[in-house]
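Report on one structure; see the data block that follows.
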Amino acid sequence: MPLYQDIANHIGETIRQGKYTAGDRLPDQKKLAEQFKTSRMTIQKALNILNAAGMTYSVQGSGTYVKHNIDEMSKLNLRVDQYVGTSSLLGGKAKIVSQVIKFKVDFPTKDEQERLHLDPGDPVYHIIRLRNVDGAPFALEHTTMPVGVIPGINDAVLHKSIYGYIRTNLKKVIGAAYREISADKPDHYDKEYLHCDDTTPVLQTFQVVYLEDGTPFEYSATRRRYDSGSVTVLVPRRPHM
């Protein structure tokens with residue numbers, strides 16, 4: 001795991017444990033760099049992850065502060081991990097076919113601006129895709145990506161692998177993801193495309209995904225039926241501090 005991911009997890013855990021409360025300012029980047037024996041650039045990447053995850057926010061020239069909704073955020077089991085898309089996850093094991101349900105370029109919502117570090121006028125892709133695996137519906141992906149960070153997405157890319165396009169065509173390296181996994185009731189998309197009824201539980205994975213340099217490039221929610229498989233997370237052993 002890259003150091004900035006580990007630092008983001010560590011700071012996030014101290015916030016959840018109550019060392020920092022709503023409105024508190026975190027130590028400045030210089031002090032954090034000294035604490036973790038790393039560079040300020042690495043600390044900035046870690047803080048970018050916490051900001052995008054909704055736990056903190058930064059004020060230019062002032063510092064990084066714990067958000068006022070931290071009591072609610074602390075109830076969520078959020079961690080930073082490596083992330084791969086569906087094609088890489090199942091590649092070679094199954095036939096994956098994408099159905100594009102929605103694709104348009106629009107302006108970001110306030111929440112999307114915050115998660116992806118965007119200005120109100122920065123264009124984004126709004127994408128909904130159904131991923132069919134071996135002929136059966138597997139997952140619905142609701143995705144927002146900044147056009148300026150991931151240019152050139154079109155219908156042909158959407159019918160294949162977006163992550164494959166990012167790696168092969170754009171020559172960019174995908175890094176970490178900040179992820180929350182929860183259960184939810186089915187919405188109208190789930191009912192139509194995942195064949196859910198009113199009582200079918202849905203597993204939702206919310207995530208903000210980053211390039212290797214710490215730039216957030218995806219804000220998404222992937223929704224699956226409860227019986228479409230499980231989610232396995234390997235958490236590496238953390239040394240005692």
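The values are calculated or read from the model by the stated rules, or taken from the named source; none is laboratory data. This is a predicted model, so every value here is computed, not measured. Glycine gets a Cβ as well: all are built from the backbone with ideal geometry, and neighbour counts include every protein chain shown. Accessible surface areas use protein heavy atoms only, side chains included; no ligands, DNA or RNA. Shrake-Rupley method; radii C 1.70, N 1.55, O 1.52, S 1.80 Å.
Residue-by-condition table, conditions (1) of a type in the set (D, E, K, R); (2) assigned to a strand (DSSP E or B):
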site: 104; (1), (2): yes, yes
site: 114; (1), (2): yes, no
site: 149; (1), (2): no, no
site: 171; (1), (2): yes, no
site: 206; (1), (2): no, yes
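Per-residue answers, yes or no, for (1) in contact with a Phe, Trp or Tyr (Cβ under 8 Å, 6 or more places away or on another chain); (2) of a type in the set (Gly, Ala, Ser); (3) free of Cβ contacts under 8 Å to residues at least 40 places away in the same chain:
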| residue | (1), (2), (3) |
| --- | --- |
| 143 | yes, no, no |
| 164 | no, yes, no |
| 167 | no, no, yes |
| 197 | no, no, yes |
Handout entry: Residue match in segment 71-93 (condition: in contact with a Lys or Arg (Cβ under 6 Å, 6 or more places away or on another chain), modelled with pLDDT under 85 and either of a type in the set (Ser, Thr, Tyr) or open to solvent by less than 50 Å² (accessible area, probe 1.4 Å) (or both))
Key = yes
Handout entry: Matching residues, segment 37-60, being more than 18 Å from the chain's Cα centre (by Cα) and farther than 16 Å from residue 176 by Cβ
Key = 37, 39, 40, 58, 59, 60
Completion exercise
Here the residues within segment 167-198 that are at pLDDT 95 or above, surrounded by 14 or more Cβ atoms within 10 Å (Cβ to Cβ) and touching a helix residue (DSSP H, G or I) at 6+ places or on another chain (Cβ under 8 Å) are 196
Practice task
Could you list, in sequence order, all residues of segment 1-43 that are among the aliphatic types (A, V, I, L, M), assigned to a helix (DSSP H, G or I) and at pLDDT 90 or above?
Solution key: 7, 11, 32, 33, 41, 43
Completion exercise
By residue number, the members of segment 97-136 that are aliphatic (A, V, I, L, M), farther than 20 Å from residue 152 by Cα and open to solvent by 30 Å² or more (accessible area, probe 1.4 Å) are 97, 136
